[in-house]
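The values are calculated or read from the model by the stated rules, or taken from the named source; none is laboratory data. Because the structure is predicted, anything quoted here is derived from the model rather than measured. Because the Cβ atoms are built from the backbone with ideal geometry, glycine has one as well, and the counts that use them run over all protein chains shown.
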Amino acid sequence: MDLNSLKKFAQEMRRELIAQMKARIEYVLSHDDEYLRAHSAEKKKIAELDKSKGRQELVEEAAYLWFNRLAAFRYMDSRGYTSPRVISPRSGESQPELLAEIKRGNIPLELKPYAADIEGFLSGRIHSSQPDREAYKLALLGICNAWAERMPWLFTKVDDWAGLLLPQDLLSENSIIARMVSGLSDADCKEGVEIIGWLYQFYISEKKDEVFALLKKNVKVSKENIPAATQLFTPHWIVRFMVENSLGRLWLLNRPDSQLKERMKYFIESDPEPDFLRVTDPTELKCLDPCCGSGHILAYFFELLYAIYEEEGYAPAEIPSLIIEHNIYGIDIDERAAELAAFTLAMVAREKDRRFFERGITPHVTAMRDIQVDLRKLNVRLSPDLQESLELLKEGRNFGSLIPVPAGAAAEIAEIEAGIESHRFDDLFGTAELDDLKAAFRILEYLEPRYHVVVTNPPYMGSKGMNDSIKSYVGKRYPDSKSDLFAVFMERCLEGLVRHGYMGMINQQSWMFLSSFEDLRKKLLEEDTIVVMAHLGAHAFETIGGEVVQTTSFVLKKARPPKE
């Protein structure tokens, strides 16, 4: 994998898509032709979003939406998960295989609702100066909608405003699609779904540079810019080190005769642990990445869990669904990253199970949202702790996984939902409030302290870069670690574990030495056990040069160290 070429490709695609989206939005909002009149509802929605979000945010959102989907199709095309291939041509041809098949009269079953119009463009019954383009555009939108049934988190229905902004040039040798095919090669895709994480990091890299430039001018990082400022793709060997010494260790303690150790290259033997978390079956294991980005750590959770299930004698065909349903959870403040993380899990599951897409299973990955609910309007009462969590969710995109949720929250939520299920909310206002409450509950359930293993690469952000809301919040709740978000996440991740659970992390080494973290060190040494640590220093991240980011990777056990 040539990371330099991939970075150049992702940056160029972002710039080109932003330019095309900007031009397309301006055209849609300032013109009144026959096509736009036929899509007046979508045009109205674009105007509303332009007003509520602002032009720049709308442009960025639309650009990434199409980059995300085209990259997903390219990956699935290359892996043989689509038939016909959606954006990729057959060998020796230039048009996407989907269009080539349609022109041969082979319209896929999922495009039957669009067949008449597609055939109309190609036959000339519907006038168009570029019939191939119009037929393919309609087919592409139809395929997106078909995939929305299998991956609703990524391919939400696009026959609305996003469809109206689809780039006009789809078939020329310089089109966005042609460049996606050439820039994301079959060789890259065959290396595995890790390519998606690299692609996303490089796509936002110029945005990261813009945010860092503002930091140098003492401009605080807004919640919209936190993802760009803090996301960093974790090298695979570090992911393996963290997961093998947490999840792998827990399984070996429960199965001393397991052969799992033979496949764990980065597992390190430690002192005997007479007191450990008892697990009788793999379905009991709960693994979380609370800052999951594009899902690299989640993918390795899957790989190791698959080996565990195999060893326990589960049928290979049922293992992927069991893992996705029972074992793996991811949270991120960036909706786009969360979409990719869910996609990553779907891809690793599909690699093991050819029928996975047909099973209707949605990965447990959620994006934090800002949600505000007036409980008085719904006549709903929560326990004080859960009510506090709900209140903090007003800043969901700001505080992310740092929002605390009391143990037993899921049971309380289930009881409340059973109570309100019998009530009727006939007015639209009440229905909207109820929908917001349900969405808030779904997010808060992810944050309940119930995990056996938590592994993450947290955001690195010193107090100087924090916006006022975050700085105030962590200052009050995490006084021992408030100097940097990575240290705050050390405390928060330990809170999310059950007793004797394991936390794996890579972060900046400064917490090991600086006086500002002295109280944190004392607390960790008194209340938790350092199981393994790799003090890496500089250059652990291959895409970061210089000596600025000096790291340490470690696994902690949520249990006091033995007295001896």
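Worth pointing out:
- Residue in the stretch 417-451 that is modelled with the highest pLDDT, counting only those that are closer than 13 Å to Leu378 by Cβ and of a type in the set (Asp, Glu): Asp436
- Flag if Glu391 is over 30 Å from Ala317 (Cβ atoms) and without any contact (Cβ under 8 Å) to a residue 24 or more places away in the chain: yes
- So Ser258, is it under 18 Å from Thr456 (Cα atoms), touching a Leu at 6+ places or on another chain (Cβ under 7 Å) and among the polar types (S, T, N, Q): no
- Across the stretch 118-133, the number of residues qualifying as in a helix (DSSP H, G or I) and hydroxyl-bearing (Ser, Thr, Tyr) comes to 1.
- Residue in the stretch 508-528 that is modelled with pLDDT of 95 or more, in contact with a Phe, Trp or Tyr (Cβ under 7 Å, 6 or more places away or on another chain) and more than 20 Å from Gly462 (Cα to Cα) present: no
- Some residue of the stretch 134-154 being over 24 Å from the mean Cα position of the chain (by Cα) and not in a helix (DSSP H, G or I): no
- Qualifying residue in the stretch 198-209 (condition: of a type in the set (D, E, K, R), assigned to a helix (DSSP H, G or I) and crowded, with 20+ Cβ neighbours inside 10 Å): no
- Residue in the stretch 304-327 that is acidic (Asp, Glu) and within 23 Å of the chain's Cα centre (by Cα) present: yes
Conditions tested, residue by residue: (1) assigned by TED's automatic domain parsing to the domain that holds Gly501; (2) over 15 Å from Ser294 (Cβ atoms); (3) touching a helix residue (DSSP H, G or I) at 6+ places or on another chain (Cβ under 6 Å); (4) touching a residue at least 12 places away in the same chain (Cβ under 8 Å).
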position	(1), (2), (3), (4)
Tyr203	no, no, yes, yes
Lys217	yes, yes, no, no
Glu224	yes, yes, no, yes
Gln231	yes, no, no, yes
His236	yes, no, no, yes
Val239	yes, no, yes, yes
Val243	yes, yes, yes, yes
Ser246	yes, yes, no, yes
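- Applying the condition of being at pLDDT 95 or above and surrounded by fewer than 14 Cβ atoms within 10 Å (Cβ to Cβ) to the stretch 264-279 and asking which residue is farthest from Gly496 (Cα to Cα) yields Lys265.
- Restricting Arg359, Arg350 to those that are without any contact (Cβ under 8 Å) to a residue 40 or more places away in the chain, assigned by TED's automatic domain parsing to the domain that holds Pro290 and closer than 30 Å to Arg79 by Cα reduces the list to Arg359.
- The stretch 328-385: number of residues that are more than 16 Å from Leu154 (Cα to Cα) and among the polar types (S, T, N, Q): 3
- When Arg376, Arg350, Arg381 are checked against the criterion of being modelled with pLDDT under 95 and in contact with a helix residue (DSSP H, G or I) (Cβ under 9 Å, 6 or more places away or on another chain), a single residue qualifies: Arg381.
- Residue check for Val181: crowded, with 18+ Cβ neighbours inside 10 Å, at pLDDT 85 or above and within 30 Å of Val498 (Cα to Cα): no
- Residues that are closer than 16 Å to Asp50 by Cα and of a type in the set (A, V, I, L, M, F, W, C), drawn from the stretch 20-40: Met21, Ala23, Ile25, Val28, Leu29
- Failed condition for Ala338, given (1) among the small types (Gly, Ala, Ser); (2) closer than 26 Å to Tyr266 by Cβ; (3) in a helix (DSSP H, G or I): (2)
- All conditions but one from (1) more than 30 Å from Lys220 (Cβ to Cβ); (2) more than 25 Å from the chain's Cα centre (by Cα); (3) among the polar types (S, T, N, Q) apply to Gln387; the one that does not is (1).
Each row is one residue, and each column tells you yes or no for (1) buried (at least 17 other Cβ atoms within 10 Å of the Cβ); (2) farther than 30 Å from Phe486 by Cα.
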{"position": "Ile143", "(1), (2)": "yes, yes"}
{"position": "Met151", "(1), (2)": "yes, yes"}
{"position": "Trp161", "(1), (2)": "yes, yes"}
{"position": "Leu170", "(1), (2)": "yes, yes"}
{"position": "Val193", "(1), (2)": "yes, no"}
{"position": "Lys216", "(1), (2)": "no, no"}
{"position": "Lys220", "(1), (2)": "no, no"}
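- Checklist (1) within 25 Å of Leu65 (Cα to Cα); (2) surrounded by 14 or more Cβ atoms within 10 Å (Cβ to Cβ); (3) not charged (D, E, K, R) applied to Gly120, failing item: (1)
- Among all residues of the stretch 254-268, there is none that is among the polar types (S, T, N, Q) and within 20 Å of Pro290 (Cβ to Cβ).
- Glu16 vs. criteria surrounded by fewer than 18 Cβ atoms within 10 Å (Cβ to Cβ), touching a helix residue (DSSP H, G or I) at 6+ places or on another chain (Cβ under 8 Å) and assigned to a helix (DSSP H, G or I): yes
- Any chance Glu339 is buried (at least 20 other Cβ atoms within 10 Å of the Cβ), at pLDDT below 95 and either farther than 29 Å from Glu194 by Cα or not aliphatic (A, V, I, L, M) (or both): yes
- Of the residues making up the stretch 222-243, one or more are over 26 Å from Ala71 (Cβ atoms), at pLDDT 95 or above and part of a helix (DSSP H, G or I).
Per-residue answers, yes or no, for (1) assigned by TED's automatic domain parsing to the domain that holds Leu154; (2) modelled with pLDDT of 95 or more; (3) among the hydrophobic types (A, V, I, L, M, F, W, C):
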{"residue": "Ile25", "(1), (2), (3)": "yes, yes, yes"}
{"residue": "Arg37", "(1), (2), (3)": "yes, no, no"}
{"residue": "Lys44", "(1), (2), (3)": "yes, no, no"}
{"residue": "Leu49", "(1), (2), (3)": "yes, no, yes"}
{"residue": "Lys53", "(1), (2), (3)": "yes, no, no"}
{"residue": "Arg74", "(1), (2), (3)": "yes, yes, no"}
{"residue": "Arg90", "(1), (2), (3)": "yes, no, no"}
{"residue": "Leu99", "(1), (2), (3)": "yes, yes, yes"}
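- The stretch 313-335, residues that are crowded, with 17+ Cβ neighbours inside 10 Å and either free of Cβ contacts under 8 Å to residues at least 12 places away in the same chain or not in a helix (DSSP H, G or I) (or both): Tyr314, Asn327, Ile328, Tyr329, Gly330, Ile331, Asp332, Ile333, Asp334
- Qualifying residue in the stretch 304-312 (condition: within 17 Å of Tyr451 (Cα to Cα) and touching a residue at least 40 places away in the same chain (Cβ under 8 Å)): yes
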